[in-house]
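K.L.:
Quick one: the structure is below, questions incoming.
The values are calculated or read from the model by the stated rules, or taken from the named source; none is laboratory data. All values derive from a computational prediction rather than experimental measurement. Heads up, the Cβs are rebuilt from the backbone with ideal geometry, glycines too, and the neighbour counts pull from every protein chain shown. Heads up: the accessible areas ignore ligands, DNA and RNA and are worked out on the full protein's heavy atoms, side chains in. Shrake-Rupley method; radii C 1.70, N 1.55, O 1.52, S 1.80 Å.
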Amino acid sequence: MSMKFDIQPASNPTPEKDRVAKLVDPGFGRVFTDHMAIVRYNQAKGGWYEAKIEARTNFQLDPAGAVLHYAQEIFEGLKAYKRDDGGVNLFRPDANARRFKDSADRMAMAQLPEDVFIEAVEQVVRIDRAWMPGGEGSLYLRPFMIASETFLGVKPSSEYIFAVIASPVGSYFKGGPAPVSIWVSENYTRAAVGGTGAVKCGGNYAASLRAQAEAIQHGCDQVVFLDAIERRYIEELGGMNVFFVFEDGSLSTPPLGTILPGITRDSIITLARDAGKTVREEPYSLDQWRKDAASGKLKEAFACGTAAVISPIGKVRSVSGDFEIGGGAAGPVAMGLRKQLVDIQYGRTNDPHNWIRKVF
């Protein structure tokens, strides 16, 4: 299914000097571009209709709108990268489109065709290309879908709004990636088998905020969750997947099932295997992590996700004691994979897996 987007440029876009000033130090997720994509869904009207690119504006939602009561909501996160030749790349948008469909299925929401998802993202990048920051900055794209039916009965909504908004972001780490400290959450869990852990829905993030606040209270940057059944095995961070690097050169990462199937995670597994490294997807316990860090068997640990790409983990804190990894410094495997991935994203090296989609 393909849809033609009706493009209605903003009548009152941000003046150039204001836009340039905002792009000097945009931070993350606070500055927004002039436009958004919108596609509506109504079961009674036969499905998806009215695809538009229009000025970014507020939604009009009835107070009984289903999303406000039963949290039928999903989202994605991806970036557009400016190449040295002035063109713009997207990185694996087809994987985001597929995961968005999977999320919709699990949340009993209407499934958006993958080509409509990609077209919406590309149209926003095209119309707001002036908002692309230079250097290690990028244009962060946030596709999302909410249930918009006015009804208080508990059932899947019959109406939805799909939208894409965009936010210019600076480099996640000023002056290169600094190792992060993480707090092990032993009171709260993120997901259980049969739940929504593998889905990118807002509720998962809302449920992680209390644990993240606890991490900050303990002087840590991030929280890491343990499995919900035995409370032993490492799952993922509040919003990132995690990898372990061993002295024999192999890597390990928690298996899929209750964690988000990260696109950065999948890319790292592929690149590491391309380089001849063994990558295991297997459970790894907190006790083992502590032992391997102490003995030197574990050389590095790092988190990965769209926003930061790769964050080295320098220190782990928990109720049962703290430990350091690799002397608390960023390790060569994490930094090597990060450079390789970023170079592919910005079009500075070859792209053996056809991950890049050139918008222009």
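K.L.:
When the chain is treated as a GNM, springs tying every alpha-carbon pair under 10 Å, which of GLU300, GLU119, GLU281 comes out with the largest mean-square fluctuation?
P.N.:
GLU281
K.L.:
Find the all-direction average of the projected area of the Cα convex hull for the stretch 70-151, expressing the result in square nanometres with one decimal place.
P.N.:
6.2
K.L.:
Let me ask you something else. Let me have the 222 nm mean residue ellipticity of the chain computed from DSSP H runs of 4+ only, each contributing -39500 (n - 2.57), with the sum over all residues rounded to the nearest 500.
P.N.:
-8000 deg cm²/dmol
K.L.:
Then there's this: Could you calculate the FRET efficiency of PHE360 with THR150 from 1/(1 + (r/R0)^6), where r is the beta carbon distance between them and R0 is 51 Å, rounded to 0.05?
P.N.:
Computed FRET efficiency for PHE360 and THR150: 0.80.
K.L.:
Report the local net charge at VAL39: Lys and Arg +1, Asp and Glu -1, summed over other residues whose C-beta lies under 9 Å from its C-beta.
P.N.:
Net local charge, VAL39 excluded: +1.
K.L.:
Continuing with the same structure: Taking only protein heavy atoms and a 1.4 Å probe, what accessible area per residue, in Å², does the stretch 106-173 have with all protein chains in place?
P.N.:
Details: 2240 Å² over 68 residues.
Normalised by residue count, the accessible surface of the stretch 106-173 is 33 Å².
K.L.:
Arranged from highest to lowest average of other beta-carbon atoms within 10 Å per residue, in what order do the peptides 345-357, 120-132 appear?
P.N.:
120-132, 345-357
K.L.:
Rounded to the nearest 20 Debye, what is the dipole magnitude of the stretch 61-126 about its Cα centre when Lys and Arg each give +1 and Asp and Glu each give -1 at the C-beta?
P.N.:
It works out to roughly 220 debye.
K.L.:
Give the carbon-plus-sulfur fraction of the accessible surface of the chain in %, rounded to a whole number; probe 1.4 Å, heavy atoms of protein chains only.
P.N.:
49
K.L.:
Based on a Kirkwood Rh over C-alpha pairs, give the Stokes-Einstein translational diffusion coefficient of the stretch 264-360 at 4 °C and viscosity 1.567 mPa s in µm²/s.
P.N.:
The estimated diffusion coefficient comes to 86 µm²/s.
K.L.:
Next question. Cα centroids of the stretch 1-23 and the stretch 128-168: how far apart, whole angstrom?
P.N.:
15
K.L.:
Now, a different point. Compute, for TYR70, the solvent-accessible surface of its heavy atoms (probe 1.4 Å) with the complete set of protein chains present, and express it in square angstrom to the nearest 10.
P.N.:
Answer for TYR70: close to 100 Å² accessible.
K.L.:
Loop only by DSSP, 14 or fewer other Cβ within 10 Å of the Cβ. Give me the GluC sites (Glu not before Pro) in the stretch 152-232 that pass, ordered by residue number.
P.N.:
GLU230
K.L.:
Also, quick follow-up: If we count every other residue with Cβ under 13 angstrom of GLY77's Cβ, Lys/Arg +1 and Asp/Glu -1, where does the sum land? Don't skip to the answer; put the middle values down first.
P.N.:
Numbers: positive: LYS79, ARG92, ARG99, ARG142, LYS200; negative: GLU76.
Net charge around GLY77: +4.
K.L.:
Please compare each pair in LYS277/LYS297; LYS4/LYS101; LYS4/LYS45; LYS291/LYS315; LYS82/LYS277; LYS299/LYS339 to a cut-off of 23 Å on the Cα-Cα distance and tell me which ones are over it. Intermediate results must be reported in sequence, preceding the final value.
P.N.:
Numbers: LYS277/LYS297 16 Å; LYS4/LYS101 20 Å; LYS4/LYS45 17 Å; LYS291/LYS315 14 Å; LYS82/LYS277 30 Å; LYS299/LYS339 19 Å.
Going by Cα-Cα distance, LYS82/LYS277 fall outside the 23 Å limit.
K.L.:
Once the other residues with Cβ under 11 Å from the Cβ of ILE268 are scored (Lys, Arg +1; Asp, Glu -1), what is the net sum?
P.N.:
Its environment carries a net charge of +2.
K.L.:
Rounded to the nearest 20 Debye, what is the dipole magnitude of the stretch 240-330 about its Cα centre when Lys and Arg each give +1 and Asp and Glu each give -1 at the C-beta?
P.N.:
For the stretch 240-330, the charge dipole is close to 80 debye.
K.L.:
Still on this model: To the nearest 0.05, what FRET efficiency results for LYS45 and ASP94 with a Förster distance of 25 Å applied to their C-beta separation?
P.N.:
That gives a FRET efficiency of 0.35.
K.L.:
So what is the diffusion coefficient of the stretch 190-314 in µm² per second by Stokes-Einstein at 37 °C and 0.692 mPa s, using a Kirkwood Rh over Cα pairs?
P.N.:
D, rounded to a whole number, is 219 µm²/s.
K.L.:
Using only Cα atoms, what Kirkwood radius does the stretch 257-320 have, in angstroms?
P.N.:
13.6
K.L.:
Specify the angular offset, from 0 to 90 degrees and rounded to the nearest 10, of the alpha carbon long axis of helix 93-106 from the longest principal axis of the alpha carbons in the chain.
P.N.:
90
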